[in-house]
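Asks: I have a structure here, written as structure tokens, and I will follow up with some questions on it.
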Amino acid sequence: MPVPTAGRPTLAALLNTVRAHGLRVSTARRLVLAALDAAERPLTAEEIAGKIHDLGSVYRNLEALEAIGVVHHVHLGHAAGRYELRGRTAGWASCEGCGRSTPLTVHQIDAIRAAVRCMTGFDARFSHFPIAGRCPDCHHERIIG
């Protein structure tokens with residue numbers, strides 16, 4: 001499922017944010033941001049490194065970009081951590097059956113957060129880990145199969 005582009009900062013705006021935080025816009029940092037900007041889903045460091053060929057540099061840049069709030073990492077299921085531009089999605093739902101991950105909107109996350117708060121008083125965050133369960137296809141298959 002493509003990630004919505006409305007209100008998403010441009011690559012130029014992201015680079016300006018990097019500069020505004022006193023970081024140099026190196027070639028590697030630009031490539032990391034370009035890879036994340038072009039991606040329709042969160043990427044692993046290894047996927048990003050495929051374009052840069054230096055995994056250590058990718059991790060160092062991701063750490064620096066996360067420290068200034070441009071990038072954040074998420075865990076989708078039991079796989080390796082993934083990275084995406086902050087604000088790209090409000091959260092994720094991850095299927096334990098097929099492994100498919102679906103981006104969630106702010107409206108969806110707010111409704112889930114409100115339900116959790118109402119039932120438990122707990123103010124839940126869904127930015128680092130997905131909401132895990134079964135997608136409609138796997139749920140249906142499990143009922144019928």
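Derivation of every value follows stated rules applied to the coordinates shown; laboratory data play no part. These numbers come from a predicted model, not from an experiment. When we count neighbours, we look across all protein chains shown, and the Cβ atoms used for this are built from the backbone with ideal geometry, even at glycine.
Asks: Could you grab the relative contact order for region 21-69? Cα pairs under 8 Å, six or more apart, rounded to a whole percent. Write down the numbers at each step before the final one.
Replies: On the way: 26 pairs, mean separation 19.3, N = 49.
It comes to 39 percent, rounded to a whole number.
Asks: On to the next question. If each residue's Cβ is checked for other Cβ atoms within 10 Å, how do L23, L33 rank with the fewest at the top?
Replies: Values: L23 17, L33 22.
Arranged by neighbour count, lowest to highest, L23, L33 become L23, L33.
Asks: Which translational diffusion coefficient, to the nearest whole µm²/s, is obtained for region 1-83 from the Stokes-Einstein equation, given a Kirkwood hydrodynamic radius over C-alpha pairs, 10 °C and 1.306 mPa s? Walk me through the intermediate numbers first.
Replies: Numbers: Rh = 13.1 Å.
Reported coefficient: 121 µm²/s.
Asks: Shifting gears a bit: How high is the relative contact order of the chain, given as a whole-number percent (alpha carbon pairs under 8 Å, six or more residues apart)?
Replies: Once normalised by length, the contact order is 20 percent.
Asks: Most fluctuating residue of A132, A49, A38 in a GNM of the chain with Cα springs under 10 Å: which is it?
Replies: A38
Asks: What chymotrypsin sites (Phe, Trp or Tyr not before Pro) does region 44-145 have in DSSP loop regions with at most 12 other beta carbons within 10 Å?
Replies: Answer in residue order: F122.
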